[in-house]
Amino acid sequence: MNEWEKEIRAFEYYLKIERSLSTNSILAYRQDVEKLSRFIQNGYPHVAPKDIRIEHLRPFIATLADLQISEFSHARILSGIKAFFNYLVYEDKITENPAQLLESPKLSRKLPETLNYEEIVRLLEMIPLGSPEGHRNRAMLEVLYSSGLRVSELVNLKVNQIYEEIGFLQILGKGNKERLVPVGTDAKKYLNLYLKEVRHLQPVAKGHEDFVFLNRRGKKLTRVMVFLIIKKLAAEAGIRKRISPHTFRHSFATHLVEGGADLRAVQDMLGHESITTTEIYTHLDRDYLRQVLNEFHPRR
């Protein structure tokens, strides 16, 4: 095992234990650093990770431009490399990050698809409440929109994470970070109805007793199942937009910002590590304001 393989393996362990990243995130970081490793070992065979300088990295970054990869892939690879050298600094194997001076490409922000409030209501009201699945789906989508959860957070929600008396959910988000998220009145109503009147009548598979949202076999729902439920309801409601569970999260944030909510509060509820991620919704808000101006201003 050479020095690069040794450090990449230790980096993986660090990401898992110290950063608590998901398996997919760790794999992405590994693949980014392996690209650099191959380039260095081909061009500078005797240069170990601890010996890397900015002059070794600039030719590698130039090759990314030559490959004509997207700006997002370019930025992600650069982010992975910076994280790798930050790890080496953390472990006192180098004194400073040689990638720190490398500039990320400017990213054009693509605004996410959202539903307006009327579309949200129309979709929710398409759900029939004459079956256990109907009660579950109504409660599930009310919670998804009311609290802005990621679909992974929704399907992994457990009964003991619901604090009915104060109207909050305790959510375990990315990197195992916990946050408290409020639940709206309608979501709380349908969630209580499902839990107290419907869920206990269903079979429950061993090991799935604590999960809130179960399928017909008593196992927790999968992300794919939630996607298919939403896709079917959207078609029935005549909504032509390409939507997914994440559309509810985007709509939740957009409607809050449009209503004047503090961006920091929205950041906390979404569980964003950086306010920069949340700021995309201010772009959506500006589009909304421009639309209002164009529609109602006498000298538009």
- request: Please enumerate the residues belonging to the range 11-27 that are under 20 Å from residue 97 (Cβ atoms) and either assigned to a helix (DSSP H, G or I) or of a type outside the set (Lys, Arg) (or both).
  value: 11, 12, 13, 14, 15, 18, 21, 25, 26
- line: Checked the range 146-193 for anything closer than 27 Å to residue 116 by Cβ, out of contact with any helix residue (DSSP H, G or I) (no Cβ under 6 Å at 6 or more places or on another chain) and of a type in the set (Asp, Glu); matches are 153
Test: residue 30 is surrounded by 15 or more Cβ atoms within 10 Å (Cβ to Cβ) and either part of a helix (DSSP H, G or I) or not assigned by TED's automatic domain parsing to the domain that holds residue 178 (or both): yes
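Here's the yes/no breakdown for (1) outside the structural domain of residue 128 (by TED's automatic domain parsing); (2) touching a His at 6+ places or on another chain (Cβ under 8 Å); (3) at pLDDT 85 or above:
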| site | (1), (2), (3) |
| --- | --- |
| 218 | no, yes, yes |
| 223 | no, no, yes |
| 231 | no, no, yes |
| 234 | no, no, yes |
| 253 | no, no, yes |
| 256 | no, no, yes |
| 263 | no, no, no |
message: Just the residues that are within 17 Å of residue 122 (Cα to Cα) and of a type in the set (A, V, I, L, M), please, taken from the range 237-254.
response: 237, 239, 243
message: Suppose the filter is part of a loop (DSSP other than H, G, I, E, B), surrounded by 15 or more Cβ atoms within 10 Å (Cβ to Cβ) and either modelled with pLDDT under 90 or not polar (S, T, N, Q) (or both); does residue 99 pass it?
response: yes
query: Can you name the residue in the range 169-195 that is buried (at least 17 other Cβ atoms within 10 Å of the Cβ) and within 22 Å of the chain's Cα centre (by Cα) and is also farthest from residue 14 (Cα to Cα) among such residues?
result: 187
- request: Determine which single condition residue 107 fails, assuming it passes every other condition in (1) at pLDDT below 80; (2) surrounded by fewer than 14 Cβ atoms within 10 Å (Cβ to Cβ); (3) over 30 Å from residue 12 (Cα atoms).
  value: (3)
- line: Of all helices (runs of 4 or more DSSP H) fully inside the range 178-265, the set with 3 or more residues that are touching an Asp or Glu at 6+ places or on another chain (Cβ under 7 Å) is 185-193, 245-258
statement: Checked the range 209-221 for anything surrounded by 14 or more Cβ atoms within 10 Å (Cβ to Cβ) and touching a strand residue (DSSP E or B) at 6+ places or on another chain (Cβ under 9 Å); matches are 211, 212, 213, 214, 219, 220, 221
task: Take residue 56 and decide whether it is assigned to a loop (DSSP other than H, G, I, E, B) and either polar (S, T, N, Q) or more than 23 Å from the chain's Cα centre (by Cα) (or both).
output: no
- prompt: With 198, 155 as the choices, which residue is surrounded by 15 or more Cβ atoms within 10 Å (Cβ to Cβ) and within 18 Å of the chain's Cα centre (by Cα)?
  reply: 155
message: Restricting to the range 33-53, count the residues that are assigned to a helix (DSSP H, G or I) and surrounded by fewer than 18 Cβ atoms within 10 Å (Cβ to Cβ).
response: 9
task: Run down 224, 204 and say which single residue is free of Cβ contacts under 8 Å to residues at least 40 places away in the same chain, hydrophobic (A, V, I, L, M, F, W, C) and exposed (fewer than 15 other Cβ atoms within 10 Å of the Cβ).
output: 224
message: So, in the range 218-236, how many residues would count as being over 13 Å from residue 125 (Cα atoms) and within 22 Å of the chain's Cα centre (by Cα)?
response: 11
- prompt: Residues of the range 147-178 being of a type in the set (Lys, Arg) and modelled with pLDDT under 90, which ones?
  reply: 174, 177
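The values are calculated or read from the model by the stated rules, or taken from the named source; none is laboratory data. Please read these numbers as outputs of a predicted model, since none were measured by experiment. All Cβ positions, glycine included, derive from the backbone under ideal geometry; neighbour counts span all protein chains shown.
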